[in-house]
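Visitor: I have a structure I would like to understand better, so I am pasting it below and will then ask my questions one at a time.
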Amino acid sequence: MSDKLKIRITGKSLDYYFKELLRNNINLYNLDKTKNKLEIIIDKRDYSKLLEIKTINKVEVIDRFGLSKFKYLINKYKLFIIFFIFGIFLNIFLSNIIFAVEIENSNKVLVKEIEDEVKKYGLKKYNFVLSNTRLNNLKKHLLENEDIEWLEIERIGTKYVIKVEMRKIPKKDSTCLARNIVAKKNAVITRFDITNGEIIKKKEDYVVKGETIVSGLIHNKEIIKNKVCSTGNIYGKTWYRVKVSLPTSKLIRNKTGKKRFGIHLKILNKNYNLLNNFDNFKINQYNIIESKIVPFNISFVKYLELDEKEKKLSLKELENIAQNMAEKKISKRLKKGERVLNKKILKNTINDSRIDIDVFVEAEENITDYFDISDINIDELNEANKKE
């Protein structure tokens, strides 16, 4: 559509006003007339003629088409556009500045050596980022250090992270002293993975904390022949009681199918959703400008309207949620090779809009612990056993 304006005239004597429009040779498009309102579309060049018509009626521009609309939008959002363009250049500039250099290694002497070397190559705070060629040359130079086994330089935004591994010097194996394997906590034994020692308990035995499961004293009938370092792992069934508190209802959010496109602006900790009139909505966000240094972000977004309703949860649903939450909580404590075996509800208590649920969780854990027996004298112990 060419350069046009949509005009609304409200008031009395609209017939007279309409005749004046025709008399002034003003082209009219899409005429919409009621008793007290007249809406027309005219060429922009005729707008000055329209304003010359003397009238007490209210005349207002309600829409624009073609170049007029483009100019109107530019003028309306000019501050935003200026800020947007400035933000692009600011982000490009800041993204090419080094704001931090981190060296990941616990050896302070080595870290200091690397810091001094990378500064010589310009890798330091507030300098411009290095080219790939210069970065590769720096890496080759650092690897000439005989104390370094492996090194990687990674750029994360405006930060460089230098990961370093020192060359390892083989250490002598430490001597494993004679010891028993004992229970770390109360449990029922589920499985053995023993490589050395004399097993004195069996599967399904209940053991208490500190009780010996594998002895480092090796017997031949009633006589102790030797003492060894017991090695291996013992797994046992352990128990936990987890209390979970939940609301008895949850908010259900469904898409209505309505959508709008707009701009999301984040400055510092404030969020602005432009061109959006939904009360409840979900955002599909596509970043245009983002800066990790300056807390600033501009995104093109699609707003999806949501319909929110409260849903009352059944007791079975609440108990299932509670069991899953309890399992996750215990699973976080477990290590590799350990697992949750079973879970069940002990009791529940409803208080107003919440419910408290006690969940019993059964797990399989590594219950291996050690007790030093290196000071035991085998001969004296055998002699004492004979006297008994």
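The values are calculated or read from the model by the stated rules, or taken from the named source; none is laboratory data. These numbers come from a predicted model, not from an experiment. Quick reminder, even Gly has a Cβ in these numbers, built from the backbone with ideal geometry, and neighbours come from all protein chains shown. Heavy atoms of the whole protein, side chains included, go into the accessibility calculation; ligands, DNA and RNA do not. Shrake-Rupley method; radii C 1.70, N 1.55, O 1.52, S 1.80 Å.
Visitor: Any residue at all in the stretch 123-133 that's at pLDDT 85 or above and over 23 Å from LEU94 (Cα atoms)?
Guide: no
Visitor: Restrict the check to the stretch 172-181 and report whether at least one residue is in a strand (DSSP E or B) and of a type in the set (D, E, K, R).
Guide: Yes, because at least one residue in the stretch 172-181 is in a strand (DSSP E or B) and of a type in the set (D, E, K, R).
Visitor: What tally of residues in the stretch 1-28 results from selecting those that are closer than 14 Å to GLY66 by Cβ and open to solvent by 80 Å² or more (accessible area, probe 1.4 Å)?
Guide: Looking only at the stretch 1-28, we keep the residues that are closer than 14 Å to GLY66 by Cβ, and these are 1-6.
From what is left, the residues that are open to solvent by 80 Å² or more (accessible area, probe 1.4 Å) are 1.
Total satisfying the criteria: 1.
Visitor: So ILE218 fits all but one of (1) touching a residue at least 60 places away in the same chain (Cβ under 8 Å); (2) touching an Asp or Glu at 6+ places or on another chain (Cβ under 8 Å); what number is the exception?
Guide: Condition not satisfied by ILE218: (1).
Visitor: Which condition breaks for LYS185 when tested against (1) surrounded by 13 or more Cβ atoms within 10 Å (Cβ to Cβ); (2) within 38 Å of the chain's Cα centre (by Cα); (3) outside any loop (DSSP other than H, G, I, E, B)?
Guide: (3)
Visitor: Let me ask something additional. Filter the stretch 300-356 down to residues that are farther than 30 Å from GLY236 by Cβ, open to solvent by 70 Å² or more (accessible area, probe 1.4 Å) and in contact (Cβ under 8 Å) with a residue 60 or more places away in the chain, then give me how many there are.
Guide: The number of residues fulfilling the criteria is 6.
Let's see how each residue does on (1) assigned to a helix (DSSP H, G or I); (2) touching a residue at least 60 places away in the same chain (Cβ under 8 Å); (3) open to solvent by less than 60 Å² (accessible area, probe 1.4 Å):
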site: ASP46; (1), (2), (3): yes, no, yes
site: THR55; (1), (2), (3): no, no, yes
site: SER68; (1), (2), (3): yes, yes, yes
site: ILE74; (1), (2), (3): yes, no, no
site: PHE86; (1), (2), (3): yes, no, no
site: GLU102; (1), (2), (3): no, yes, no
site: LEU123; (1), (2), (3): no, no, yes
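Visitor: For the stretch 247-289, what are the residues that are in a strand (DSSP E or B), of a type in the set (Ser, Thr, Tyr) and modelled with pLDDT of 85 or more? Let's see the steps before the verdict.
Guide: Here is the first cut: in the stretch 247-289, the residues in a strand (DSSP E or B) are 247, 249-267, 270-274, 281-289.
Add one more test, that the residue is of a type in the set (Ser, Thr, Tyr), and what stays is 249, 256, 272, 286.
Answer for the stretch 247-289, where residues must be in a strand (DSSP E or B), of a type in the set (Ser, Thr, Tyr) and modelled with pLDDT of 85 or more: SER249, THR256.
Visitor: Would you please name the residue that is nearest to the chain's Cα centre (by Cα), looking only at residues in the stretch 213-230 that are over 22 Å from GLU383 (Cα atoms) and of a type outside the set (A, V, I, L, M)?
Guide: Of the stretch 213-230, the ones over 22 Å from GLU383 (Cα atoms) are 213-214, 229-230.
Still in the list and also of a type outside the set (A, V, I, L, M): 229-230.
Details: CYS229: 45, SER230: 44 Å.
Per the stated criteria, the residue is SER230.
Table: residues versus (1) touching a helix residue (DSSP H, G or I) at 6+ places or on another chain (Cβ under 9 Å); (2) under 30 Å from ILE81 (Cα atoms); (3) among the polar types (S, T, N, Q).
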site: LEU5; (1), (2), (3): yes, yes, no
site: ASN24; (1), (2), (3): yes, no, yes
site: ASN30; (1), (2), (3): no, no, yes
site: THR34; (1), (2), (3): yes, no, yes
site: LYS44; (1), (2), (3): yes, yes, no
site: SER48; (1), (2), (3): no, yes, yes
site: GLU52; (1), (2), (3): no, no, no
site: THR55; (1), (2), (3): yes, no, yes
